[in-house]
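The values are calculated or read from the model by the stated rules, or taken from the named source; none is laboratory data. All values reported here derive from a predicted model rather than from experimental measurement. We place every Cβ from the backbone using ideal geometry, glycine too, and count neighbours over all the protein chains shown. Heads up: the accessible areas ignore ligands, DNA and RNA and are worked out on the full protein's heavy atoms, side chains in. Shrake-Rupley method; radii C 1.70, N 1.55, O 1.52, S 1.80 Å.
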Amino acid sequence: MPKPKTNLILNNKPQSQITLSEYVTAIAWSANSKYLAVATAAGELALFDDEIAGSQIAQKQRELQPPTEISLDCLGFSADSHWLAAGGQDGKVRVWSLAGETPAIAATLELGNKWIEHLAWHPTRNELAFSFGKYVQIWSAETLDIITTLNFENSTILAIAWHPLAPYFTVGGDGGVMTWNAQDWYEDPVLFEMPTAVSQISWSKTGEYLVSSTLDNLVIVMHWLGHKFDPSPWRMQGFPGKIRSFDWSEGKKSPLLSSSSGSDVVVWSNHADPNIGWEGELLKGHNSIVGSVAFKPKSETLASADENGRITIWKNAKDWVQALDTPMGKITALQWQPQGKKLAAANADGELMIWTESSQGKGFR
């Protein structure tokens, strides 16, 4: 395996290291980069105020929910950073208001014994989508009420995603994906059928493409035509195992798509010749399963994290420039701060680590 170059994107020593009660299931930065939320398999939800630097960040930790021994599995901030939502195995979606000096519960939505596996805020409006079984509900933080309930029909919902720019909402599961028009929820959804189950979906930053992974280890990239998908998607195959993570770049060039499977990280680019389609470049920097890939905002700097605690940083989505070998064990969550100045990662032992941008790495894209 090649060795990384010496250009530092992040400082090798983490700014902060905090230990929570259990396996970290999810982390999320607020859009304004002020807050970092962390959820665990013990049901704990912690909120960190990132205005304080260095070790002082721990003093700004707020326990929004103590351990309940019932896992929290998904969380997210609204686009204006005023709301935080979390859901999990207890069948409840809790929403906190962050507008005041102290976070306060604004709503608790109870779905009986339905496991809340996915939630996602609208990219511009204070509307929250969350899934349970075959259904998705859309909830408004403005009215504190449910806007609509959507029925996927074919199966349990395995993935949800808002279009980043247009009024569309997409759901994936067995048999393909359905896309609803958020301006008219009663209009029939657009169905893109697949002979398999879709396990993950992600819109590109401009909303031109939707990528999905399937349970039979395919990557499928669909071209959105403004109101429907092109009926001839690109299909990538030959992966060593389950597709575990996706992310899209938002650099100056045409969009890049990163994916991880086994110990492999692949970066895909769309060739100028439509007959060639999407081409992949294999990046080798890991010896164990890579569970997360994440592009630094507004750049082509890529981070990837594996089950042995290694975080690899790639310049221009191809050049291995840094390796962060942490004592973390299996990394379960990885996310860049929206401002791009910090990277947060968490692991199966409840550890959270935050690295800051290196002055040596400034200017790298």
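Can you give the accessible area per residue of the range 301-365, in Å², using a 1.4 Å probe?
Per residue, the range 301-365 has an accessible area of 33 Å².
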So how long is each side of the range 292-365 along the principal axes, counting just the alpha-carbon atoms, biggest first, in Å? 34, 22, 18
Ordered by residue, what ³J(HN,Hα) values in Hz, to whole numbers, does the range 276-287 give under the Karplus form 6.51 cos²θ - 1.76 cosθ + 1.60, where θ = phi - 60° and Gly and Pro are x? 8, x, 8, 10, x, 10, 7, 10, 10, x, 10, 10
Placing +1 on the Cβ of each Lys and Arg and -1 on the Cβ of each Asp and Glu in the chain, which of V93, L324, S131 has its Cα farthest towards the positive end of the resulting dipole? L324
Where the only charges are on Cβ atoms (+1 Lys, Arg; -1 Asp, Glu), what is the dipole of the range 81-173 about its Cα centre, to the nearest 20 debye? 140 debye
Relative contact order for the range 124-214 using alpha-carbon pairs under 8 Å, separation at least 6, rounded to a whole percent? 19 percent
For F132, F48, write out the residues from largest to smallest accessible area, computed with a 1.4 angstrom probe and no ligands counted. F132, F48
Label-point separation in nm, E193 to T156, each point 7 Å along Cα→Cβ: 2.5 nm
Counting only protein heavy atoms and using a 1.4 Å probe, what share of the accessible area of the range 90-194 belongs to carbon plus sulfur, as a whole percent? 45 percent
Would you give the gap between the C-alpha center of the range 219-251 and the C-alpha center of the range 290-335, rounded to a whole Å? 21 Å
From the backbone phi of the range 162-168, what are the Karplus-calculated ³J(HN,Hα) couplings (6.51 cos²θ - 1.76 cosθ + 1.60, θ = phi - 60°) in whole Hz, Gly and Pro given as x? 7, 5, x, 10, 10, x, 10
Long-range amide H partners of T40 with built H, under 5 Å: T25, L72
Please check: in the Gaussian network model of the chain (C-alpha springs, under 10 Å), which one of D73, D264, D184 has the largest mean-square fluctuation. D184
Let me make sure I get this right: for the range 229-365, a, b and c are the square roots of the gyration tensor eigenvalues over alpha carbons, sorted descending. Under 1.5 in a/c it's rounded, otherwise prolate if a/b > b/c, else oblate. Which is it? oblate
Residues listed by number, the range 149-177, amide nitrogen under 13 Å from T143 label point at 7 Å toward C-beta: 149
List the equivalent ellipsoid semi-axes of the range 155-299 in whole Å, largest first, each obtained as the square root of 5λ for an eigenvalue λ of the Cα gyration tensor. 25, 18, 14
Would you pull out the residues with amide H under 5 Å of E300's amide H, same chain only if 5 or more places away, H placed 1.01 Å from N? N316
Once ligands and nucleic acids are excluded and a 1.4 Å probe is used, how much of E187 is accessible, expressed in Å² to the nearest 10? 90 Å²
Just from the alpha-carbon atoms, what are the Rg and Dmax of the chain in angstroms? 19.7, 56
Output ³J(HN,Hα) for the range 238-243: one whole-Hz value per residue in order, computed from phi by the Karplus curve 6.51 cos²θ - 1.76 cosθ + 1.60 with θ = phi - 60°, and x for Gly and Pro. x, 6, x, x, 4, 7
Non-local residues with an amide H under 5 Å from the amide H of I289, with H modelled 1.01 Å from N and Pro and chain starts lacking one, are E307
